[in-house]
Amino acid sequence: MGRFIILSGPSCVGKGPLHAAFNKFYPGLAAELSKLVLYNCRSPRPAEIDGKDYHFRSREEIEGFGNKGNFIVLDVRGDLQAVDLNDADRVLAAGHLFYEGNPFVGRKLQEVFASKVSVLSVFLAPLSREEVLFLKSPERNLSLADFLTDVMRRKLLRRTQRQKGILSWKDLENIERRAASAYTEIKEAWHFDHVIPNHDGEDSENWDAFYYPLGDARKTLLAFADLVCGKVPALVEKWEEGLLS
């Protein structure tokens, strides 16, 4: 059996550009990983491709997967996502599998596959452990949940404006839903083997504007590649249960 590598984090934290940079700068390692493509009831974003990013299907069709024993169906911020376990098992029987996406899906995949194969789970966080401790200190006198929502709202706004230009009311509602969910999703980080703090989200040009990643984007790429190779760099953290409580 192969190995299952799980990369999770809140929306716009940088999972997508990290995966793209990993494919570009570590093609040998990336070629060994087959991406797990989930089913999703939402419409494709600009540049997303059916069958590559997600299998885009109707909500009714994905709801029907719940009656089949070989599917996991989860509600992710109002969108239904589904995993075909038979497909995952077929890939793992021959090689390595890679999942990039929502933390609740990532945690569920850990639970299902931990007894079957070796699992490496990585959480991408928009704050470091030290920053969380600093911000939650009583002397700061702020709501960490509200603070984090604002951080992710700004990232999501910049990303969506880059993709679409003028935003619709539906775009703004989607941004607010994702931003508001970030705090709950980051509370899942302690379930993952490793946490990589990364301030360069999907809104940052540090990923691809200068060909080589710069700033936190570069550090995150190097740290993730080390983890895939079995090394644990100094940047990587382990968060304890209750850190964000």
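A few comments on the model shown:
- Between Ile186, Ile49, Ile175, the residue with the greatest mean-square fluctuation in the GNM of the chain (Cα pairs under 10 Å linked by springs) is Ile49.
- Gyration tensor (alpha-carbon) shape descriptor, the chain, a/c threshold 1.5: rounded
- Of the trypsin sites (Lys or Arg not before Pro) in the stretch 1-62, those whose Cβ has at most 11 other Cβ within 10 Å and which sit in DSSP loop: Lys52
- Using a cutoff of 8 angstrom between alpha carbon atoms and counting only pairs six or more residues apart, the relative contact order for the chain works out to 27 percent.
- Student exercise, the stretch 69-170 dipole from Lys, Arg, Asp, Glu Cβ charges, in Debye to nearest 20: 500 debye
- Shape call, the stretch 1-104: gyration tensor on alpha carbons, a/c limit 1.5: oblate
- Inter-part distance, the stretch 139-175 to the stretch 197-239, computed on C-alpha centroids, equals 22 Å.
- Extension gain, Lys238 to Ala145, is 31.5 nm, computed as 0.36 nm per intervening residue step minus the present C-alpha separation.
Only the coordinates and a few stated rules stand behind these numbers; no lab work does. Quick caveat, the model's predicted, so the values are computed rather than measured. Heads up, the Cβs are rebuilt from the backbone with ideal geometry, glycines too, and the neighbour counts pull from every protein chain shown.
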